[in-house]
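Here the structure is laid out as structure tokens; the discussion comes afterwards.
The values are calculated or read from the model by the stated rules, or taken from the named source; none is laboratory data. All values derive from a computational prediction rather than experimental measurement. We place every Cβ from the backbone using ideal geometry, glycine too, and count neighbours over all the protein chains shown. Heads up: the accessible areas ignore ligands, DNA and RNA and are worked out on the full protein's heavy atoms, side chains in. Shrake-Rupley method; radii C 1.70, N 1.55, O 1.52, S 1.80 Å.
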Amino acid sequence: MSTNRVATDRPFAMPAHRPVQISLPSTGEEEWQAVRAPLMNGWLTQGPKVAEFERKFANRHEVKHALAVTSCTTGLHLALAALGIGPGDEVIVPAFTWVATANVVVYCGATPVLADVDPVTNNICPRDLAKRVTSRTKAVIPVHLFGLCANMDAIRHAVPGHVHIVEDCACAAGASYSGRPAGGLGTCGVFSFHPRKSITTGEGGMLTTNNDRVAEIANSLRNHGASVSEEHRHRGPTPYLLPEFNLLGFNYRMTDLQGAVGLVQLAKLDRFIAERDKWARWYMKELSDIPWLRMPQRPNDGGHAWQAFVTFVDPEKAPTTRNQIMELLQSAGVATRPGTHAVHMLGYYAKRNGHKPTDFPGAMACDLNTMAIPLHNRMDEVDYRHVVACLKAIG
Ligand SMILES: *Cc1c(COP(=O)(O)O)cnc(C)c1O
């Protein structure tokens, strides 16, 4: 035991230092072997591995189409572009989310309209969402933050039928809502394979949809807007024919090296989630007697994908501030992070929209009080016990 003093008048006796990282990707020998094939056969960009990854990802998430892209951010941009969203349109996004959810709306020349979140779930508040709808509203992007699905039934009821629902599934690979997998709950969904998410391809994303037309347009837009001509389709490839380019597209293609890694990771997804769920429930049991630390919500029927385990430090009850608690944990080796940030409190959006922090009280509370504690598939029991011991030493 060592006594750590932070800027508070109260000393805290913390357990001996043991490093526990907030998040670590689970990759290794199998992923290493998987990249051999594309490197050896020379098919490096989008090819057979990406096609297989898409097929298996679509199966696992029970959707008709899955299109691999370079990130969740580019996938969300692609989704909005495929829905024809542009200048004059409004897209409603939660005020507590990773900034990319709002940025993609600006990329389209449309206006991001923020809605507050419920600090109990960290997800968009359907009642506040309903108040933000105007005649210009074209879409809403509910975020399944940290792996917990947003309240999709209430969201569907909060907006008119013609408003598209684009799920930000960045944290929600393998998550489900009332038994239905994320990614097929709206017009489209977009996942992330950044190393901070449950499964990774380094960078990468996946657009999912059950809508054939959206899939067809998104498929073309991710590849420079190329479309195979009718002549090509009917007569088969002819050497002098290039595809037609009738749309302004992008290059958002995933490489086959990433597709190969994605296939290995996808096969581990359900094991990763089961293990995280086991330790999440253990955390909830072990930490239940700390009155100032609120646990995340876990639906009774499961479905939480546990991209992160995000607690809420009650400022009224905590022995010191959240930031000092984070420093104390760090002094004993335990890494923590705020859950994510309030978009309206970030410089760009605060200035763009003239927002005050109190404009979205739920998002502000989450910004100031959430604390993610370590939960990932490279922790062992001793790591988990250390995190709990450190939290109990504070409170
Ligand atoms: C990580 C994340 C993103 C961005 O994903 P990238 O693949 O890094 O572009 C978007 N939205 C949310 C909610 C995220 O957590």
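With the cut-off at 1.5 for a/c, could you classify segment 242-395 from its C-alpha gyration tensor as rounded, prolate or oblate? Walk me through the numbers before you get to the answer.
On the way: a/c = 2.43, a/b = 1.29, b/c = 1.88.
It is oblate, given that a/c is not under 1.5 and a/b is not larger than b/c.
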request  = Express the relative contact order of segment 29-266 as a whole percentage, based on alpha carbon pairs under 8 Å and six or more residues apart in sequence.
outcome  = 28
ask   = If you build a Gaussian network model of the chain, linking Cα atoms that sit under 10 Å apart, which residue out of E29, E54, E167 swings the most?
value = E29
query = Separation between the L241 and E216 pseudo-spin-labels, each 7 Å from Cα along Cα→Cβ, expressed in nm?
reply = 1.6
request  = Starting at the first residue of segment 151-167, write each ³J(HN,Hα) from the Karplus equation 6.51 cos²θ - 1.76 cosθ + 1.60 with θ = phi - 60°, in whole Hz, x for Gly and Pro.
outcome  = 6, 5, 5, 5, 5, 4, 6, 7, 10, x, x, 7, 6, 6, 10, 10, 6
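Sorting L129, L83 by accessible area (1.4 Å probe), largest first, what list results? Let's see the in-between values first.
Numbers: L129 0, L83 35 Å².
Of L129, L83, the descending order of accessible area is L83, L129.
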request  = Could you work out how far helix 212-221 tilts from the main Cα principal axis of the chain, as a 0 to 90 degree angle to the nearest 10?
outcome  = 90
Cα long-axis angle, helix 256-286 against the chain (0 to 90 degrees, to the nearest 10) = 30
ask   = Rounded to the nearest 20 Debye, what is the dipole magnitude of segment 265-395 about its Cα centre when Lys and Arg each give +1 and Asp and Glu each give -1 at the C-beta?
value = 240
query = Top mean-square fluctuation among G249, G205, G236, Gaussian network model of the chain, C-alpha springs under 10 Å?
reply = G236
request  = At 1.4 Å probe size, with no ligands or nucleic acids counted, give the accessible surface of S135 in Å², nearest ten.
outcome  = 120
query = Taking the highest mean first, how do the peptides 84-91, 115-122 order by number of other beta carbon atoms within 10 angstrom per residue?
reply = 115-122, 84-91
ask   = Between segment 137-176 and segment 251-315, how many Å separate their Cα centres?
value = 18
inquiry  = Tell me which of Q258, I85, T238 sits at the most positive position along the dipole axis of segment 29-266, charges placed on C-beta atoms (Lys, Arg +1; Asp, Glu -1).
reply    = I85
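Is segment 29-266 best put as rounded, prolate or oblate by its Cα gyration tensor, with a ≥ b ≥ c the root eigenvalues, rounded for a/c under 1.5, and otherwise prolate when a/b is larger than b/c, oblate when not? Numbers along the way, then the final one.
Working: a/c = 2.17, a/b = 1.37, b/c = 1.59.
Oblate is the answer for segment 29-266, as a/c is 1.5 or above yet b/c matches or exceeds a/b.
Rounded to the nearest 0.05, what FRET efficiency do T321 and S288 give with R0 = 35 Å and r taken as the Cβ-Cβ distance? Could you check?
Values: r = 22 Å, r/R0 = 0.64.
Working from the Cβ atoms, E equals 0.95.
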Solvent-accessible surface (1.4 angstrom probe) belonging to H17, in square angstrom, nearest 10 = 120
